[in-house]
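**Student:** Okay, handing you the structure first.
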Amino acid sequence: MSRLNLRKNWLYIPLIGLTIFYLIPMYLILVTGFKSFDEIDLQTMWQLPQGIAFDNYIEAYNQLAPYLKNSFKLVIPAALISSILGSINGFVLSKWKFRGADIIFPFILFGMFIPYQSIIIPLVQFMSAAGLTGLWGLGIAHIIYGLPITTLTFRNYYASLPQELLEAAKIDGASMLGIYRHILLPISIPSFVVVLIWQFTSAWNDFLFAVILTGNTEWPITVALNNMAGSQIISWNVQMAGSLIAALPTLLVYIFLGRYFLRGLMAGSLKG
Amino acid sequence: MFKNKDKYLSVILVSPSILAILIFVYGFIAWSIRVSLSKWKGLNPDFTWAGFENYVNLFYDPRFHIDIRNTVIFTLVFVLGSLILGFLMAVMLDQGLRGEGFFRSIFLFPMAISYIVTGVVWRWLMNPAEGSRMSGLNLLFTSLNLDFLVNEWYTTPYWGIAAIALAAIWQMSGYTMALYLAGLRAVPGELREAARIDGASEVEIYRRIILPILTPVTLGVLIILGHTSLKVFDLIIAVAGKQLSLDVPAIYMWQTTFDGLFYARGAAIGILLLISVAVLIIPYIRYTTKMETEL
């Protein structure tokens with residue numbers, strides 16, 4: 001066994017090579033971000049900073065702060081609401097099925113794969129006719145188009161629970177809502193974490209809905225960052241610092257709750 | 001079995017969600033189809049019947065030809081690259097090496113980042129400037145004496161879109177790895193042991209036993225990656241903005257609709273995108289939900 005392991009040690013060479021490939025962009029973001037304004041020169045972009053300076057981050061933060069706030073204002077309620085709705089849907093579609101529930105489910109699923117270009121014209125018209133412009137409309141779009149995956153994740157989880165769990169409570173005279181509230185909800189916390197993280201990440205990272213549904217005072221961070229990067233006046237070092245600021249919330253979630261993030265990814269490929 | 005009251009309650013509880021999906025997915029698709037069959041051009045809706053005119057025009061539209069070419073190149077490079085890289089990473093991480101968790105976290109972290117952030121960074125990494133203004137990876141290659149790797153990246157004529165696919169591989173190959181790793185973990189250990197006792201080499205075991213078992217995973221990966229590449233949009237915008245040489249259907253739709261006000265044409269592109277995605281996804285959904293009922 002140990003000889004076999006020793007033989008496998010050469011695998012560290014490609015693995016470390018790949019690690020460098022995945023970390024190169026992060027390296028560039030970090031070293032550039034911590035350089036002072038005098039050190040910024042494309043010729044020396046790969047060199048380590050001479051000291052730790054925060055010029056770039058302060059500058060990028062000053063420019064992005066309002067949009068960062070928009071993103072938080074948008075993403076947190078949207079993630080919460082679509083998770084709660086998904087939990088209720090998942091409960092009904094797995095444990096309290098009505099006739100046709102199994103037929104409806106694939107039609108709900110399809111909604112998570114559609115290219116949004118195919119619904120964006122009606123969406124814009126609908127939202128403006130309903131007076132739901134800006135962050136409100138964007139939030140509603142994230143909630144509704146998030147429903148398929150939140151429903152799927154909860155449905156898979158509840159379906160894996162034994163039916164006896166419910167039967168016993170039913171015999172004791174518990175109502176449907178009672179069973180949901182007192183039996184399923186308390187053990188759904190891990191699934192809520194998975195779904196909340198997933199919804200937080202995908203709404204935070206969304207660009208298409210945001211760029212079409214919001215105007216310049218209500219842009220979330222992705223649209224603001226893209227415009228910052230496209231502008232000729234803002235130098236690349238500030239763009240790099242801005243990238244880190246825009247990526248930090250979801251990166252922190254990934255670093256601290258990676259296990260749950262992975263489960264969300266798996267659910268997104270319909271692999272439970 | 002259920003109390004009647006609860007049966008109605010269950011329908012009432014899910015009906016807002018079902019109604020929302022009915023309107024926002026299926027109703028809007030129908031509405032888009034109607035727009036795609038109209039003459040709507042300009043700010044005010046115009047539902048004058050045009051038949052399939054918008055689709056026929058796209059068929060002869062040189063820009064749409066570029067879009068299809070770019071989508072094909074992007075899909076080939078991105079799907080094959082992610083598939084091969086993801087599979088190899090999964091196999092390496094399945095060998096029980098120390099530090100497996102560390103490598104897995106590193107390979108997967110780009111999935112937590114937006115395409116916009118990835119695009120902004122890769123735009124600088126793939127900077128095509130030459131001579132004294134050289135920067136990014138080209139500068140790195142030169143300083144490492146790897147000049148043969150210096151290239152024009154996304155400004156390369158015809159193949160520029162492949163550079164964008166490289167950034168997409170960076171972002172998505174970890175996801176492919178995770179799917180394969182989950183598949184590998186489900187292969188029973190006895191199967192490998194038996195093959196080893198029969199004298200099969202490690203490579204043979206993977207080729208003849210494990211790869212065939214993983215066929216459903218490969219199919220799933222192909223469909224997920226394939227449909228992602230049909231929808232590619234933000235990444236290109238963040239790397240290069242709106243350039244004709246890097247145009248894809250999703251960008252053409254956005255630009256022609258919201259900048260050019262050619263609503264009918266934009267809707268037609270959106271519907272064509274939907275059809276191409278549906279061809280991949282509908283069989284996949286049917287397959288996975290059928291598997292479930294058979295279990």
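**Student:** Looking only at region A:245-261, count how many residues are open to solvent by 50 Å² or more (accessible area, probe 1.4 Å) and not β-branched (Val, Ile, Thr).
**Tutor:** 5
**Student:** (1) at the interface with chain A (Cβ under 10 Å from one of its Cβ atoms); (2) open to solvent by 10 Å² or more (accessible area, probe 1.4 Å): which one isn't true of residue B:173, the others all being true?
**Tutor:** Result: residue B:173 fails condition (2) only.
**Student:** Separate question: When the residues of region B:203-234 are narrowed to those that are among the charged types (D, E, K, R) and buried (at least 16 other Cβ atoms within 10 Å of the Cβ), which ends up farthest from residue B:82 (Cα to Cα)?
**Tutor:** B:234
**Student:** Residues of region B:257-280 being within 19 Å of residue B:70 (Cβ to Cβ), open to solvent by less than 10 Å² (accessible area, probe 1.4 Å) and more than 8 Å from chain A (Cβ to nearest Cβ), which ones?
**Tutor:** Answer for region B:257-280, where residues must be within 19 Å of residue B:70 (Cβ to Cβ), open to solvent by less than 10 Å² (accessible area, probe 1.4 Å) and more than 8 Å from chain A (Cβ to nearest Cβ): just B:268.
So that you can scan it fast, the table gives a plain yes or no per residue for (1) touching a Phe, Trp or Tyr at 6+ places or on another chain (Cβ under 8 Å); (2) under 27 Å from residue A:58 (Cβ atoms); (3) without any contact (Cβ under 8 Å) to a residue 24 or more places away in the chain; (4) not assigned by TED's automatic domain parsing to the domain that holds residue A:127:
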residue	(1), (2), (3), (4)
A:208	yes, no, no, no
A:213	no, no, no, no
A:218	no, yes, no, no
A:221	yes, yes, no, no
A:229	no, yes, yes, no
A:233	no, yes, yes, no
A:237	yes, yes, no, no
A:243	no, yes, no, no
A:250	yes, yes, no, no
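**Student:** Next up: Which of (1) surrounded by fewer than 22 Cβ atoms within 10 Å (Cβ to Cβ); (2) more than 21 Å from the chain's Cα centre (by Cα); (3) not β-branched (Val, Ile, Thr) does residue B:283 not meet, given it meets every other one?
**Tutor:** Result: residue B:283 fails condition (2) only.
**Student:** Could you check, for region B:101-115, whether at least one of its residues is open to solvent by less than 60 Å² (accessible area, probe 1.4 Å), within 7 Å of another protein chain (Cβ to nearest Cβ) and among the β-branched types (Val, Ile, Thr)?
**Tutor:** Scanning region B:101-115 turns up at least one residue that is open to solvent by less than 60 Å² (accessible area, probe 1.4 Å), within 7 Å of another protein chain (Cβ to nearest Cβ) and among the β-branched types (Val, Ile, Thr).
**Student:** Can you pull out the residues in region A:169-205 that are open to solvent by less than 50 Å² (accessible area, probe 1.4 Å) and of a type in the set (Lys, Arg)?
**Tutor:** Passing the criteria: only A:170.
Yes/no matrix, rows are residues, columns are (1) closer than 30 Å to residue B:244 by Cβ; (2) under 28 Å from the mean Cα position of the chain (by Cα); (3) open to solvent by 80 Å² or more (accessible area, probe 1.4 Å); (4) within 14 Å of chain A (Cβ to nearest Cβ):
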{"residue": "B:20", "(1), (2), (3), (4)": "no, yes, no, yes"}
{"residue": "B:28", "(1), (2), (3), (4)": "yes, yes, no, yes"}
{"residue": "B:38", "(1), (2), (3), (4)": "yes, no, no, yes"}
{"residue": "B:41", "(1), (2), (3), (4)": "yes, no, yes, yes"}
{"residue": "B:44", "(1), (2), (3), (4)": "yes, no, yes, yes"}
{"residue": "B:50", "(1), (2), (3), (4)": "yes, no, no, no"}
{"residue": "B:53", "(1), (2), (3), (4)": "yes, no, yes, no"}
{"residue": "B:57", "(1), (2), (3), (4)": "yes, yes, yes, no"}
{"residue": "B:66", "(1), (2), (3), (4)": "yes, yes, no, no"}
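**Student:** Would you mind stating whether residue A:199 is more than 18 Å from residue A:92 (Cβ to Cβ) and at pLDDT below 95?
**Tutor:** Considered against the rule, which asks whether it is more than 18 Å from residue A:92 (Cβ to Cβ) and at pLDDT below 95, residue A:199 comes out as no.
**Student:** Consider residue B:91 carefully, then state whether it is more than 24 Å from residue A:26 (Cβ to Cβ), open to solvent by 10 Å² or more (accessible area, probe 1.4 Å), within 12 Å of chain A (Cβ to nearest Cβ) and not in a loop (DSSP other than H, G, I, E, B).
**Tutor:** yes
**Student:** Can we say residue B:82 is buried (at least 18 other Cβ atoms within 10 Å of the Cβ), at pLDDT below 95, in a helix (DSSP H, G or I) and hydroxyl-bearing (Ser, Thr, Tyr)?
**Tutor:** no
**Student:** I'd like to verify a number: residues in region A:46-60 that are assigned to a helix (DSSP H, G or I) and out of contact with any helix residue (DSSP H, G or I) (no Cβ under 6 Å at 6 or more places or on another chain), how many?
**Tutor:** Step one: list which residues in region A:46-60 are assigned to a helix (DSSP H, G or I), which gives A:55-60.
Going one step further and asking which of them are out of contact with any helix residue (DSSP H, G or I) (no Cβ under 6 Å at 6 or more places or on another chain), we end up with A:58.
Going through region A:46-60 one residue at a time, the tally reaches 1.
**Student:** A follow-up question, please. So is residue B:240 of a type outside the set (Val, Ile, Thr) and either in contact with a strand residue (DSSP E or B) (Cβ under 8 Å, 6 or more places away or on another chain) or surrounded by fewer than 17 Cβ atoms within 10 Å (Cβ to Cβ) (or both) or not?
**Tutor:** no
**Student:** Out of A:196, A:244, A:185, A:270, report the one residue that is facing chain B (nearest Cβ under 8 Å) and touching a helix residue (DSSP H, G or I) at 6+ places or on another chain (Cβ under 8 Å).
**Tutor:** Testing whether each residue is facing chain B (nearest Cβ under 8 Å) and touching a helix residue (DSSP H, G or I) at 6+ places or on another chain (Cβ under 8 Å) leaves just A:270.
**Student:** Would you point out the residue of region A:138-178, among those that are more than 30 Å from residue A:215 (Cα to Cα) and of a type in the set (Val, Ile, Thr), that is nearest to the other protein chains (Cβ to nearest Cβ)?
**Tutor:** A:151
**Student:** Still on this model: Does residue B:98 qualify as being open to solvent by 40 Å² or more (accessible area, probe 1.4 Å) and in a helix (DSSP H, G or I)?
**Tutor:** Answer is no for this residue.
The values are calculated or read from the model by the stated rules, or taken from the named source; none is laboratory data. Note that this is a predicted model, so its numbers are computed, not measured. Because the Cβ atoms are built from the backbone with ideal geometry, glycine has one as well, and the counts that use them run over all protein chains shown. In case anyone asks, the SASA skips ligands and DNA or RNA and just uses the protein heavy atoms, side chains included. Shrake-Rupley method; radii C 1.70, N 1.55, O 1.52, S 1.80 Å.
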